[in-house]
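Chemist: Sharing a structure, written as C-alpha cells. Questions coming.
The values are calculated or read from the model by the stated rules, or taken from the named source; none is laboratory data. As the structure is a prediction and not an experimental result, all values here were calculated from the model. So basically every Cβ, Gly included, is an ideal-geometry build from the backbone, and we count neighbours across all protein chains shown. Ligands, DNA and RNA are excluded from the accessible area calculation, which covers all protein heavy atoms including side chains. Shrake-Rupley method; radii C 1.70, N 1.55, O 1.52, S 1.80 Å.
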Amino acid sequence: MDFIRNFPFFCIVLALSTGVISSVLKPKAAKALSFSLISLSILASLGVLIYTVQTGEAFVYMMGHFPAPWGNEIRAGVMEGVMALFFSVIMLLSLLGGEKYLKVDIEEPKQNLYFVLVDLLLSSLLALVYTNDLFTAYVFVEINTIAAGGLIMIRSNGHSMLAATKYMIMSLLGSGLLLIGITLQYDLTGHLLMSNIQESVGELAAHGAYTVPLTVIIGLISGGIAIKSALFPFHTWLSDAYGFSTASSAAILSSLVSKAYIFLLIKIVYRVIGTEVFWSSKITNVFFVLGVAGMLFGSVSAIKERDMRRMIAFSSVAQIGYIYMGLGFGTQLGVTAAVFHIFSHAATKSMLFVACRGLSEVSGNKKDFSNLKGAGFRNKIAGVAFTVGALSMVGVPLFAGFISKLYLTSAALETMSVKMEVALIVLAISTILNALYFIRAVISIYTPRNEKYRDAAFKPGVTFCAGMVCFILINFALGLASNPLIKAIELGLRMFS
C-alpha cells in the first residue's frame, strides 16, 4: 500500500512527459495518449484518496528522498485526493463532450498541439494540488498560465488572439504580485516549504513581530491569486476568454483553472500563513466585499447579454463571488461551503459550456438567443444538460447548486454579524437574478422550432452524449448525496491544520 505514496509524483511527471511526447505525434495518437494519461490520473487520484481515508492522515513524499532545503516535497491528504480526482474527471468529461468540435475549431496541423497544452495544464493542476513548496507552486502557476493562454488562442482567429492577450496581461499581473509576495515571505522567514513557513509565521505572530510586512505579504499573495482567478473587479478578461475559445477549452478554463488558484489560496491560508494569522489580518473582509460585489455585478452583466456563451461566462464572475464570499466569512464552515462550491461550479459550468456548443451546432453555429430558439428539440441531450445546469446555477433543490447555497447560507448564519445580513440579502438577490437569465435561456431553447435550422438527420455523437450524461449524473449526485463529499472536505481541512 505504501507504493501509493508515489502516485502524485508519477502523475505530475507523466503529464509533463506526455506533453513533450505529444508534440511529435499525429493528432489521433496525441489524443489517445492524453486520454490515457487523464484516465490514469483518475485511477491514481482515487488510489490516493482511498489510501488517505484509510490511514486517516496525510503523507509527505520527498522527491529524490532529499530533505529540505535540498529536496522538494509533495503532500497528499484527503483534500488533495478529492481535488485531484475531481479535476481529472472534469477534464476528461470536458474533452469527451467537446471532442467532435476540436476538429472543426482547430486546424489539423495544430490539433496535436492542443493536447500538448492539455497535458501541461493537467500537470500544473496536479502540482498545485499536491505541492508542499511555495516556490514550486509559483513555477506551476506559470506553466498553468501559459497552457491556459494557449488553449484560448489556438483557434487562431482575431477574437481568440485578443482574448488571449487580455488573459495574459491580467494573469501575468497576478503572477507578478504573487511572486513579490513569495519573495518577501522568503526574506522574512527563510523558508519555502509550507510547513516550515507556517512555523516561522506562527512564531512571528506570537511575538508580535513584523506585523505590517506580514500583512503586506498576505495582501500581495491574496491579490495575485484573486486576479488570476477572476475575482471582481479583475474579471475583464473572462468573458472573451471563455466566449471565443473552443467548447472543451471554455469548459476546462471555467471549471478547473480558476478553481486551482483558489485551492492554492486555501492551502496558503491553512498551511502557509495559518488560519488565525490570516483571518486576523482582515483580508477576509476584502474577500467578502469583492465576493458579494461580484455576485451582483456578474449576474447583472449576464442579464444584459444576448450571446449565450458570454452569458455563461459572466455567470462565472458571480459564481467565483460565491466562493470568495464563503472564504470571506473567515470560519471553518465558510471555507467548507466555498470548497463545495468549487466542486459544484466546476461540474455545472463545464457542462453548460459544452451543452451550449451542442445547441449552437444545430443553430447555424449561432450563439444569440434568437437563433437558438428550438435548439433543445434539435439536440435533445444538449437541451437536457443545459436545463440541468441552469437549474443547478439557480439553486433549485435536487441539484448541486442548491447544496452550495444551503451551506453558504448556514455559514452566513453562523457569523452572527453584519456579514450575515449582507450575505443573506445578496444571496437572495443573486438567486433571483440567476433565475432571470438562466430560465430565460431555457425558455428560449424550448420555444417553437426555428424551421430554418431544422435538421432531422442530426446526431450528437457518442462521446458528446457520454460526456453530457456523466455531467448530469455528477450534478444529481452532488445534489442528492453531498454528505460524503462534505465529510471529506471537513476531514481534509482538519488534515491541513
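Chemist: For region 474-487, what are the residues that are in a helix (DSSP H, G or I) and either open to solvent by 20 Å² or more (accessible area, probe 1.4 Å) or in contact with an Asp or Glu (Cβ under 8 Å, 6 or more places away or on another chain) (or both)? Even if it seems obvious, please write down each step before you answer.
Modeler: Initially, region 474-487 is screened for residues in a helix (DSSP H, G or I), giving 474-480, 483-487.
Matches in region 474-487: ILE474, PHE476, ALA477, LEU480, ASN483, PRO484, LEU485, LYS487.
Chemist: Give me the pairs, please: first residue somewhere in region 303-331 and aromatic (Phe, Trp, Tyr), second residue anywhere and assigned to a loop (DSSP other than H, G, I, E, B), beta-carbon distance under 6 Å, and either six or more positions apart or on two chains.
Modeler: TYR324/LEU231
Chemist: Return the residues of region 380-438 that are farther than 21 Å from GLY330 by Cα, open to solvent by 20 Å² or more (accessible area, probe 1.4 Å) and among the β-branched types (Val, Ile, Thr); say none if nothing qualifies.
Modeler: ILE381, VAL384, THR387, VAL396, ILE429, THR431, ILE432
Chemist: Here's something else I'd like to know. Got at least one residue in region 325-336 being outside any helix (DSSP H, G or I), out of contact with any Cys (no Cβ under 9 Å at 6 or more places or on another chain) and hydrophobic (A, V, I, L, M, F, W, C)?
Modeler: yes
Chemist: For region 285-302: of the residues being of a type outside the set (Phe, Trp, Tyr) and farther than 18 Å from PHE329 by Cα, which is surrounded by the most Cβ atoms within 10 Å (Cβ to Cβ)?
Modeler: So the residue we want is GLY298.
Chemist: For ALA205, are the conditions met, namely being surrounded by fewer than 20 Cβ atoms within 10 Å (Cβ to Cβ) and not in a helix (DSSP H, G or I)?
Modeler: no
Chemist: Got a sec? Which helices (runs of 4 or more DSSP H) wholly within region 353-471 have at least 2 residues that are free of Cβ contacts under 8 Å to residues at least 12 places away in the same chain, among the hydrophobic types (A, V, I, L, M, F, W, C) and out of contact with any strand residue (DSSP E or B) (no Cβ under 8 Å at 6 or more places or on another chain)?
Modeler: Per the criteria, 400-415, 418-445.
Chemist: Okay, moving on. Given ILE312, ILE342, which one is crowded, with 24+ Cβ neighbours inside 10 Å, out of contact with any Pro (no Cβ under 7 Å at 6 or more places or on another chain) and modelled with pLDDT of 90 or more?
Modeler: Of the residues listed, the single one that is crowded, with 24+ Cβ neighbours inside 10 Å, out of contact with any Pro (no Cβ under 7 Å at 6 or more places or on another chain) and modelled with pLDDT of 90 or more is ILE342.
Chemist: So, of the residues in region 14-49 that are of a type outside the set (Gly, Ala, Ser), assigned to a helix (DSSP H, G or I) and over 23 Å from the mean Cα position of the chain (by Cα), which turns out to be nearest to TYR114 (Cα to Cα)?
Modeler: Looking at the filtered set, the residue picked out is PRO27.
Chemist: A follow-up question, please. Report, by residue number, each residue of region 254-301 that is under 30 Å from ARG440 (Cα atoms) and not aliphatic (A, V, I, L, M).
Modeler: SER254, SER255, SER258, LYS259, PHE288, GLY291, GLY294, PHE297, GLY298, SER299, SER301
Chemist: Test of understanding: among THR145, THR136, which residue is over 27 Å from LEU352 (Cβ atoms) and β-branched (Val, Ile, Thr)?
Modeler: Exactly one of THR145, THR136 is over 27 Å from LEU352 (Cβ atoms) and β-branched (Val, Ile, Thr), namely THR136.
Chemist: Could you say whether any residue in region 156-164 is open to solvent by 20 Å² or more (accessible area, probe 1.4 Å) and within 16 Å of the chain's Cα centre (by Cα)?
Modeler: In the first step, residues of region 156-164 are kept if they are open to solvent by 20 Å² or more (accessible area, probe 1.4 Å); the result is 156-159, 161-162.
Those left that are additionally within 16 Å of the chain's Cα centre (by Cα): none.
There is no residue in region 156-164 that is open to solvent by 20 Å² or more (accessible area, probe 1.4 Å) and within 16 Å of the chain's Cα centre (by Cα).
Chemist: For ILE268, work out the one condition from (1) of a type outside the set (Phe, Trp, Tyr); (2) open to solvent by 10 Å² or more (accessible area, probe 1.4 Å); (3) farther than 23 Å from ASN475 by Cβ; (4) in contact with a Phe, Trp or Tyr (Cβ under 9 Å, 6 or more places away or on another chain) it doesn't fulfil.
Modeler: Of (1) of a type outside the set (Phe, Trp, Tyr); (2) open to solvent by 10 Å² or more (accessible area, probe 1.4 Å); (3) farther than 23 Å from ASN475 by Cβ; (4) in contact with a Phe, Trp or Tyr (Cβ under 9 Å, 6 or more places away or on another chain), only one is false for ILE268: (2).
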